[in-house]
Structure formats: C-alpha cells, structure tokens
Amino acid sequence: MNGPRRRAPVRRSAARGRPARPARTSRQGLLYLALPVIAYVAVIILPIVMTARLSLYRSNGFTPPQWVGLDNYTRMAEDPAFRTALVNTLVWTAVTMTVPVAVGLVYAAVLNARRLRGTGLLRALVFLPSTMSLVTLGIMFSLVYNSSFGALNGVLDAVGLGFLAQDWLGDPDLVLYSLVAVFAWQFSGLSMALFNASIRQIPAELYEAARVDGANGLQRFRYVTLPRVRPVMVVVVALTVIQSLRSFDLVYVMTKGGPDNASALLGYYMYVQTFVNRNQGYGAAIAVVILLLSLTFAIVYVRRVATREAFDE
C-alpha cells in the first residue's frame, strides 16, 4: 500500500513568508484595470485632444482644415457675442449654484417638521420636476411665460398684480433669470431629496437638547441642521454646477439665445458656431474654453471646499 500523500511544498514570499501570488492573478488584475482605462481614453481623453487640435484650424466640415494657430482664440477677444455668452454663463453658474441648493434645503427642512402632515405626498410633488427633461420643461414654460396668453401673467392679473406682468422671455434684463427659475424648479427636487436623506440621519436628541436650551426653530436650523448637512451640500453644489453647464437644451427650446443674445450661454453659442455657421474650428475653441472653466471650478472647488469638508468629518 502506498503511504500518505505528501502535499507539494508551497512557495512563500521571502519577505513576508506568505504564499506567492500566481502570475496569472496579476495579469488578470492588469487586464481588469486596462479595460476601463482604455474606455476612458477612447470616450473622454481622445475627443478632448481632437477638439483641442481642431481649435487650431479653420474648418467648415467640407473643405480641408487650414492651420490658423491661435487665431480662433484671438477672435474671441474681439467677438462681442462671445463676451456676452461668457458673462451670461458666469452669471448663470453663480445663480444656479445657489438658488436650487437653497430652495432644496428649505424644502427638506420644512418637510421634516414634525407638525407637518402629508409630507410624503409633498416630497413626491417637489421631486416630480426632477424626473422631467429640460426639453419638456422648456416647452411647458414657454407657454407659461408667453406674454399674450401665458398662465403666469394671467394669474398675476387675476390676483390684482397685473402691474407685475412682463414679457418674461422678450425682456433682455429678465430672460436669463426666467430661465434660471425653470432650472431651479427642476433641480430643487433632487436637491431636496439629498438634503432630506441627510437631515433624517441627524439624531433627534440634538434637536431636543437645542429645544431644552431655548433655541427656536431658526436657531435649531442654523446650529444643528446646517452643520450636519454641509458634507451633502458639497455634493449637491457640485451636481448643480455640472447640470447647469449642460443647460443648452433649455436655452435652445425656450429662447434660442435671444433676445439679442441676452440668454445665450457658451454651450449654445458653441452649437451655433459649429453647426449653424459651420465654423467648426471656432466652435472647438469655444468648447476648449468651456472645458477650462469646468476644470478651474473643479480644481478650486475640490481643493478649497470638498477637501476641507472631508477633513472636518
């Protein structure tokens, strides 16, 4: 009879005395890592490089591109329509970065009040616009804002505030803020949902202790709620800015940049130059400027705000 089988000696790492990992496992790990890297390069990096390269040419999509160097970027400094779109984009980003976040936070705080009933239905109604596309909302609010038969002016007339009726989409001083109101109405629902989840995680004992100390509702909101939702606020602001920079569809559906470019954003102006005026090189240069603005915000925001909040946690 054969004696008991002996196990093959296990190769161990000389440094730690552990079994050495097979080379096949390492190759599989590199393969799993390579696939998302290749996809990222193909979908993100390569289009950015091609767009930056195209911005150095004059191209209309039909004839061969002509090298012009930095002429497309020099043209921006002399283009009043570009400067208007740039200022509109900065104003748009600043307003949309604050209004939907503040409205969503107030919604969440009010809907978490103990004495309020039917909060589930109210949350659903507030969140409903977030499930709708900006194209749908743009068409709907184009009718609401209509100066002749729009519902907004009709309601103002009905309640005796007809003197507030305006040409909401035809007044250069109002049109951008009218669009901001649509965006805020759409995104404040998602903002509310994120803040609501954060507020519901705050221990009730903190509110009870603040109430015993004599703090009123506003003081409890300031000293208990706000410090606890600050990490979520970082995420909400970032999502809001990302979404606001993608608001081309809202401008295209409602105003097409008018009147007199008063509502034109950089994304819409890039579309006009690239696909309407067939200035693909100039449109690519505008796209590079949008990318630089986004990167500037991302770097500053992450280093100054998001990182600080992470350390505070």
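Is there a residue in region 124-144 that is without any contact (Cβ under 8 Å) to a residue 60 or more places away in the chain, within 24 Å of ASN261 (Cα to Cα) and out of contact with any helix residue (DSSP H, G or I) (no Cβ under 8 Å at 6 or more places or on another chain)? Yes, there is a match, as at least one residue in region 124-144 is without any contact (Cβ under 8 Å) to a residue 60 or more places away in the chain, within 24 Å of ASN261 (Cα to Cα) and out of contact with any helix residue (DSSP H, G or I) (no Cβ under 8 Å at 6 or more places or on another chain). Can you name every residue in region 117-139 that is over 30 Å from TYR252 (Cβ atoms) and either open to solvent by 70 Å² or more (accessible area, probe 1.4 Å) or assigned to a helix (DSSP H, G or I) (or both)? Within region 117-139, ARG117, THR119, GLY120, LEU121, LEU122, ARG123 qualify. Restricting VAL236, VAL241 to residues that are open to solvent by less than 30 Å² (accessible area, probe 1.4 Å), at pLDDT below 85 and of a type in the set (A, V, I, L, M, F, W, C) narrows the list to VAL241. Is there a residue in region 72-83 that is closer than 30 Å to VAL276 by Cα, assigned to a loop (DSSP other than H, G, I, E, B) and charged (D, E, K, R)? Yes, region 72-83 has at least one match. Can you name every residue in region 140-159 that is open to solvent by less than 70 Å² (accessible area, probe 1.4 Å), modelled with pLDDT of 90 or more and assigned to a loop (DSSP other than H, G, I, E, B)? Scanning region 140-159 gives TYR145, ASN146. Scanning region 160-175 for residues that are free of Cβ contacts under 8 Å to residues at least 40 places away in the same chain and buried (at least 19 other Cβ atoms within 10 Å of the Cβ) yields a count of 1. Return the pair list, or none, for Cβ contacts closer than 9 Å from residues in region 176-202 that are over 20 Å from LEU125 (Cβ atoms) to residues that are part of a helix (DSSP H, G or I) and of a type in the set (D, E, K, R), at least 6 apart or on different chains. Once the first residue is over 20 Å from LEU125 (Cβ atoms) and sits in region 176-202, its partners that are part of a helix (DSSP H, G or I) and of a type in the set (D, E, K, R) give SER198/ARG228; GLN201/ARG228; ILE202/ARG228. VAL224 - would you say it is aliphatic (A, V, I, L, M), in a helix (DSSP H, G or I) and either open to solvent by 20 Å² or more (accessible area, probe 1.4 Å) or free of Cβ contacts under 8 Å to residues at least 24 places away in the same chain (or both)? Yes; evaluated as a whole, the condition is true for this residue.
The values are calculated or read from the model by the stated rules, or taken from the named source; none is laboratory data. As the structure is a computational prediction, the values presented were derived from the model and not from experiment. Methodologically, a virtual Cβ is constructed for each residue, glycine included, from the backbone with ideal geometry; neighbour enumeration extends over all protein chains shown. The protein model used for the area step is the full one, side chains on, heavy atoms only, and it has no ligands, DNA or RNA in it. Shrake-Rupley method; radii C 1.70, N 1.55, O 1.52, S 1.80 Å.
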